[in-house]
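J.: Dropping the structure in here first, questions after.
The values are calculated or read from the model by the stated rules, or taken from the named source; none is laboratory data. Please read these numbers as outputs of a predicted model, since none were measured by experiment. Cβ atoms come from the backbone with ideal geometry, glycine included; neighbour counts cover every protein chain shown. Accessible surface is based on the protein model in full, side chains and every heavy atom, while ligands, DNA and RNA are left aside. Shrake-Rupley method; radii C 1.70, N 1.55, O 1.52, S 1.80 Å.
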Amino acid sequence: MFGNYLIGLREGLEACLVVCILIAYLVKTGRRDALKPIWTGVGVAVAISLAFGAGLEFGSQELTFEAKELLGGSLSILAVVLVTWMVFWMKKTARHLKADLHSKLDTALETGTGALAATAFLAVGREGLETALFMWASVRASSDGSHAPLAGVVLGLLTATLLGWLFYRGALKINLAKFFTWTGGMLVVVAAGVLAYGVHDLQEARFLGGLADKAFDVSATIPPDSWYGTLLKGMFNFQPDPTVLQAVVWAAYIVPVMALFLRPERPRRPAAVPAGS
């Protein structure tokens with residue numbers, strides 16, 4: 001449940017911050033007349049994201065078992081690719097997020113109402129579609145028949161909405177760079193579990209071989225139905241009996257990705273001044 005809560009919190013807060021920055025800038029510059037197209041763009045983006053998530057959930061129910069596992073595994077891997085890109089992108093741009101949005105909004109204000117709606121739609125829609133896909137993959141990976149994974153996502157979104165409102169009201173100061181660095185690192189761990197589960201789905205679909213070749217089996221030590229087994233499953237999508245391929249893919253992802261993510265950014269060197277200038 002924690003992993004899904006983290007996804008809802010991080011992705012929801014990112015979208016809320018984008019909306020808050022856009023609205024605050026318009027209010028501050030006396031352009032309240034431009035708020036309606038902004039909210040229109042946000043509403044359309046949210047509706048499309050919800051429809052996309054619903055399509056993933058209900059559209060896959062009519063498939064055969066093999067087709068469902070093949071689809072689930074493929075989309076899980078795609079979700080990991082997207083969220084990995086997003087984590088690195090946000091780490092790089094968090095410090096300049098407000099300035100970038102203000103610049104885009106200034107351009108949209110000069111263009112017209114449609115450009116304002118498009119700016120809000122693109123800013124929120126991209127995050128919404130990525131979030132819907134990754135949430136679906138993560139909930140599917142950690143689902144054990146209960147509603148805990150979905151509840152974690154909803155609680156994360158509600159917390160993000162509250163924090164976004166406090167941020168807009170000036171009651172909360174957020175160091176965006178630190179926040180997205182810490183949550184990004186934890187999200188890499190969650191993504192590794194989703195990736196391993198995606199490989200598990202492909203193996204169940206007999207696309208990547210069978211499930212007989214186990215890397216290890218600690219089910220007796222960490223029973224899946226125990227409180228600590230459930231906790232590890234909910235937080236990290238831990239599986240007590242992964243296949244060799246799952247274990248190799250998990251390690252091959254988390255080691256280099258985490259190393260690159262935690263590597264300090266090198267300061268940019270000032271441009272060389274030509275001799276004689």
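J.: Quick one: dipole size for region 1-138, taken about the Cα centre, charges +1 on Lys/Arg Cβ and -1 on Asp/Glu Cβ, in debye to the nearest 20.
T.: It works out to roughly 660 debye.
J.: Still on this model: How much net charge surrounds Trp182 when only the other residues with a Cβ under 11 Å from the Cβ of Trp182 are counted, with Lys and Arg +1 and Asp and Glu -1?
T.: Once all neighbours under 11 Å are counted, the net charge is +3.
J.: Give, as a single signed number, the net charge of other residues whose beta carbon lies under 15 Å from the beta carbon of Leu157, with Lys and Arg counted +1 and Asp and Glu -1.
T.: With Lys, Arg at +1 and Asp, Glu at -1, the net is -3.
J.: Now for a separate question. If each Cα of region 1-40 is one equal point scatterer, what is log10 of I(q)/I(0) from the Debye formula at q = 0.31, 0.34 Å⁻¹?
T.: Here log10 of I(q) over I(0) equals -0.95, -1.03.
J.: Residue by residue, what Karplus-based ³J(HN,Hα) values in Hz, rounded to whole numbers, does region 208-219 have, using 6.51, -1.76 and 1.60 with θ = phi - 60° and x for Gly and Pro?
T.: Ordered by residue, 3J(HN,Hα) equals 10, x, x, 10, 6, 7, 8, 6, 6, 9, 10, 4 Hz.
J.: Moving on to the next point. Search the structure for amide H atoms under 5 Å from the amide H of Thr243, placed 1.01 Å from N in the peptide plane, and list their residues when 5 or more places away or on another chain.
T.: Residues meeting the amide H criterion: Ala215.
J.: Still on this structure: Using DSSP to call loops (not H, G, I, E or B), can you name the trypsin sites (Lys or Arg not before Pro) in region 1-43 whose Cβ has at most 16 other Cβ atoms within 10 angstrom?
T.: The qualifying sites are Arg31.
J.: Something else now. Within region 32-85, what whole-number % of the accessible surface is contributed by carbon and sulfur, with the 1.4 Å probe and all protein chains included in the calculation?
T.: Carbon-and-sulfur percentage of accessible area, whole number: 73.
J.: Over region 64-107, what portion of Cα pair distances is larger than 13 Å, expressed as a whole percent?
T.: 67 percent
J.: Would you please give the residues with an amide H less than 5 Å from that of Phe238, counting only those at least 5 places away or on a separate chain, with H modeled from the backbone geometry?
T.: Those lying under 5 Å, H to H, from Phe238 are Lys233.
J.: OK, next. With a 1.4 Å probe and every protein chain left in place, work out the accessible area per residue of region 1-68 in Å², rounded to a whole number.
T.: 49 Å²
J.: Quick check: net charge around Thr221, other residues with Cβ under 15 Å of its Cβ, Lys/Arg +1 and Asp/Glu -1?
T.: Net charge in that neighbourhood comes out at -1.
J.: Could you sort Trp165, Trp182 by accessible area so the largest value comes first, with the probe set to 1.4 Å?
T.: So, going from the largest accessible area down, we get Trp182, Trp165.
J.: Of His200, His102, which has the most accessible area with a 1.4 Å probe, and how do the rest follow in descending order?
T.: His102, His200
J.: A follow-up question, please. With θ set to phi - 60° and the Karplus curve 6.51 cos²θ - 1.76 cosθ + 1.60, what are the ³J(HN,Hα) couplings of region 32-40 in order, to the nearest whole Hz, using x for Gly and Pro?
T.: Result, rounded to whole Hz: 5, 5, 8, 5, 4, x, 5, 5, 4.
J.: Here's something else I'd like to know. Find the Rg to Rh ratio for region 1-96, where Rh is the Kirkwood radius over alpha-carbon pairs and Rg uses the same atoms.
T.: 1.08
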